[in-house]
Amino acid sequence: MQKIRNIAIIAHVDHGKTTLVDQMLYTAHLFRDNEQKGELILDNNELERERGITILAKNVSIDYKGYKINVIDTPGHADFGGEVERVLNMADGVLLLVDAFEGPMPQTRFVLQKALQLNLKPIVVVNKVDKLNCRPDEVQEAVFDLMCSLDATEEQLDFQTIYGSAKNGWMSTDWKQPTTDLTALMDAIIEYIPEPAILEGTPQMLITSLDYSPYVGRIAVGRVHRGTFKEGMQVTLAKRDGTMTKSRIKELRTFSGLGQTKAAEVSSGDICAMVGIEGFEIGDTVCDFQEPEALDPIAIDEPTMSMVFTINDSPFFGKEGKFVTSRHIHERLMKELDKNLALRVEKNPNEDVWHVYGRGVLHLSVLIETMRREGYELQVGQPQVIIKEIDGVKCEPIEQLTVNTPEECSGKIIEYVAMHKGDMVSMNTINDRIQLEFTIPSRGIIGMRTYVMNVSAGEAIMSHRFLEFQPWKGEIEKRQNGSLIAMETGTAYAYALDKLQDRGKFFIYPQDEVYAGQVVGENAKDKDIVINVTKSKKLTNMRSKSSDDKAQLPPPVIFSLEEALEYIKEDEYVEITPKSIRLRKIILDELERKRARSRMGLAPEADEED
């Protein structure tokens, strides 16, 4: 009998998965002081804490009643599907966490489908039962229906349900009877999650994750599939492409609490980290030295979105970032490929331009945000969906979109989705809110989050997941408004901005430094206009009441990184530095832009009268 349980925790974004893992760590007394309580232990990455989402899958181990429970926290967002697919290979069962009010969401479905296909045994945890208007019993039935629709087996459908509140630290088999701790959940894991089977034979381990140490370099992490690995043992690394290289295990480590401990040997069923394996990639197999036998590599979903990355060549380049050259950016993207499974990078041989392919705008924006925090400067173009030709037909990615919104906003949202080639699938009323479900091209979702949040005053909950490639749906209306473009480089003055207020909305504050060709605002009309925001007030000795009025400016529109990426047009870049996000035209010079437009047969930009 192996006293080991390998579980992955899967849930939609913000349903409380990381909070639950933290509570499990407290239950196992992995923290002596209570001061750490309330901090996110697993989401320790700065970006994860800011956004409140899990981006990287993580492993921890809990000792409970003599059992070792290996817990894997997975991202809930479909854009990080690459992370999910890797880690589910290490588990024997899953905790499916659902919100007692919202119920199963599209991304719950996405991750659950992956888990059921791998024959993992689920335990359903209905979280947040202390919420007002919660409906635990209905949610439990909705989960059962969802599993039926995903072709779950009889054994998988016979799941145990636990109710509770991870935030308040209790779990129970009956939601009407709160307890004081997580005993009900921990006991259910030991009782219902199967122990890993002991497979005899030559050793095999599929590398599903990697760790990095500045002292020993890259560390291979995975679950031992068969046999036993020992420290100092000679092994073969079987790569995805079929090549074999010989290697030696310098050190073996198993997971213990939040850290790792050295081990002399690790047998099948346990999760371990190997030091000393050279040149591996995720999906390779570590196997026997004499008789190598590879496991099936991890199958990864195709990317659906691409973006152009290029070096920062604006007049302000190098002022704020440490890494600005093409060599720096190329090395950083290559390093990211090691661990980011769903990413693809293609370099244009003649220019400093990279085509980066990912699972969605969020997937790519997290990479860009991480790079800017590390001190990189770069520019990125408008996100483009990947178009495929299937049986001679032009096809594009289609997504399932769910919007949960107050009733009064639903009409505007339905109209917006219809304009973007979306088809409504269902419409349900749940406790004075409306749940809308659509199928829509990925192109139609770009820029939608900003609109939905504005229309619903931040009340709507929107999520989407990739469904399949379908025939091209036709042209979609793009942003109607033109851009306000700075005429010359200098400091923006309140006097100039005040006089130009009737032109549209601004993206800059007075006293901001701007350069010629920078997009400083949005025109109220549909054409681009070049304006002079650096014009200062002429000083004279004449005084009059009207000329001495104070400039009264509304606050400018400040974009987050995702909003900026979704906002720009085809002929614009987002310039990203550690301190700033600026929008700019790809061609900065006004005359050059006019020539380019006339060559393409487009109408010229409108000229601003001075």
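Brief remarks on what is shown
- Region 389-429: proportion of alpha-carbon pairs further apart than 14 angstrom, %: 57
- Rounded to 0.05, the FRET efficiency of the K538 and Y509 pair, given R0 = 30 Å and the Cβ-Cβ distance, is 0.85.
- Between region 298-373 and region 141-206, the alpha-carbon center distance in angstrom: 39
- FRET efficiency for the R597 to D313 pair, using the beta carbon distance and R₀ = 25 Å, is estimated at 0.75.
- Translational D in µm²/s for region 276-333 (Stokes-Einstein at 20 °C, 1.002 mPa s, Kirkwood Rh from C-alpha pairs): 133
- Sorted peptide list for 230-238, 317-325, criterion being average Cβ within 10 angstrom, highest first: 230-238, 317-325
- Positive-end residue, the chain charge dipole about Cα centroid, Cβ charges, pick of P554, I69, L295: P554
- Intensity falloff of region 206-314 expressed as log10 I(q)/I(0), Debye formula with alpha-carbon point scatterers, at q = 0.10, 0.15, 0.18 Å⁻¹: -0.34, -0.65, -0.86
- Split the accessible area of region 151-197 by element, probe 1.4 Å, and carbon with sulfur accounts for 44%.
- Listed pairs K499/K525; K239/K322; K68/K121 exceeding 29 Å between Cα atoms: K239/K322
- When you count the other C-beta atoms within 10 angstrom of each residue and take the mean per peptide, 361-368, 194-201, 411-418 line up highest first as 361-368, 411-418, 194-201.
- Spin-label pair Q117-K525: with each label point 7 Å from Cα along the Cα-Cβ axis, the two points sit 5.2 nm from one another.
- N168-E251 FRET efficiency (beta carbon distance; Förster radius 35 Å; 0.05 resolution): 0.30
- The slack in the chain from T325 to I387, taken as 0.36 nm per residue of separation less the alpha-carbon distance, amounts to 19.2 nm.
- Span from the region 519-537 Cα centroid across to the region 213-266 one, whole angstrom: 59
- For the chain, calculated [θ]222 nm from helices alone, where every DSSP H run of n ≥ 4 adds -39500 (n - 2.57): -6500 deg cm²/dmol
- Of the solvent-accessible surface of region 439-500, computed with a 1.4 Å probe over protein heavy atoms with every protein chain present, carbon and sulfur atoms account for 51 percent.
The values are calculated or read from the model by the stated rules, or taken from the named source; none is laboratory data. A quick note: this is a predicted structure, and the numbers were derived from the prediction, not measured. Cβ atoms come from the backbone with ideal geometry, glycine included; neighbour counts cover every protein chain shown. Heavy atoms of the whole protein, side chains included, go into the accessibility calculation; ligands, DNA and RNA do not. Shrake-Rupley method; radii C 1.70, N 1.55, O 1.52, S 1.80 Å.
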